[in-house]
1. With the full set of protein chains in place, find how many percent of the accessible area of the chain is carbon and sulfur; take the probe as 1.4 Å.
2. Under a 5 Å amide H to amide H cut-off, with H placed in plane at 1.01 Å, what residues pair with Ser3 once short-range neighbours are removed?
3. Which of the DSSP-defined H helices in the chain satisfy a minimum axial length of 18 Å, computed from C-alpha atoms, and a minimum mean Kyte-Doolittle hydropathy of 0.5?
4. How much accessible area does Thr92 have with a 1.4 Å probe, in Å² rounded to the nearest 10?
5. Please report the projected area of the chain's Cα convex hull averaged over all directions, in nm².
6. With the Cα gyration tensor of segment 16-55 in hand, convert its eigenvalues to equivalent ellipsoid semi-axes via √(5λ) and list them largest first in whole Å.
7. Suppose R0 equals 25 Å. What FRET efficiency, 1/(1 + (r/R0)^6) with r the Cβ-Cβ distance, do Arg83 and Leu187 give to the nearest 0.05?
8. Taking the Cα centroid of segment 155-210 and of segment 23-98, what is the distance between the two, rounded to the nearest whole Å?
Amino acid sequence: MSSWPKPPGGARHSACHFCDTLHRFSTLEEGMAARCVRCGGLLYQNRPASLARASAFSLAALLLMVPVHAFPFLTMDAATMRRNLTLAGAATSLMEEGAPILGASIILFTIVTPLVLAGGMIYVCLPLMFGRVFPGSFTVAKWMYRSEPWNMVEVFLLGVLVSLLKLAKVADVHFGIGFWAFSGVMLCMAGAVAGIDREELWDRLEVAKP
Ligand SMILES: [Zn+2]
């Protein structure tokens, strides 16, 4: 069964991202992948239940962002002092303590970008499940994919883990609910982006456009 609708128009071609070989585009059966004849690189994939998976993972990521900001990210005990750090609190502390670019980058790349990506995915994919296209979906999809390389949730988590190795020598550090929720956001964002192929999403928008 092919879940990938074929947009109207003549023959299309798809270039390999790795070696630029041009291939004639053909619609795939669900679960199949098209690979480059020259280097074997992945061209595009018809992922099973793509719209449902992209929407569900994005919704889960958005819901998990609530505990990320509602609960402490880290708790530090040093001598008689205990400090609870939230993600936004850590970023604003950095801005106040002489590292405004670093603080603003944390807000932009770990709070704003995942919101744009997950929110955009829901705005575009959820109505498509019912054959509808919301106004401005093409623009939203374009900005969604533009923001994708700037989603640095996993880079930030890795940075936190590395810096904890140093902090653990001077303070007792505990992960809070916010940290585990943020790890969940990272996994859900990866699932949402991998849920639907870019080519498929544009084809679906093209077919369903009002
Ligand atoms: Zn290739």
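1. On the way: 7820 of 11780 Å².
Taking all protein chains in place, the chain shows 66 percent carbon and sulfur surface.
2. Residues meeting the amide H criterion: Glu30.
3. 50-70, 113-128, 153-167, 177-195
4. Near enough 60 Å² of accessible area.
5. Details: hull surface 57.8 nm².
For the chain, the mean projected area of the Cα convex hull comes to 14.5 nm².
6. On the way: eigenvalues 102, 21, 12 Å².
Working from the Cα gyration tensor, I get semi-axes of 23, 10, 8 Å.
7. Working: r = 27 Å, r/R0 = 1.10.
Given R0 = 25 Å and the Cβ-Cβ separation, E is 0.35.
8. First find each Cα centre; the distance between them is then 3 Å.
The values are calculated or read from the model by the stated rules, or taken from the named source; none is laboratory data. In this text, all values refer to a predicted model and were calculated from it rather than measured experimentally. Reconstructed Cβ throughout: ideal geometry from the backbone, glycine too, with neighbour counts over all protein chains shown. What goes into the accessible areas is simple: the full protein's heavy atoms, side chains included, and nothing from ligands, DNA or RNA. Shrake-Rupley method; radii C 1.70, N 1.55, O 1.52, S 1.80 Å.
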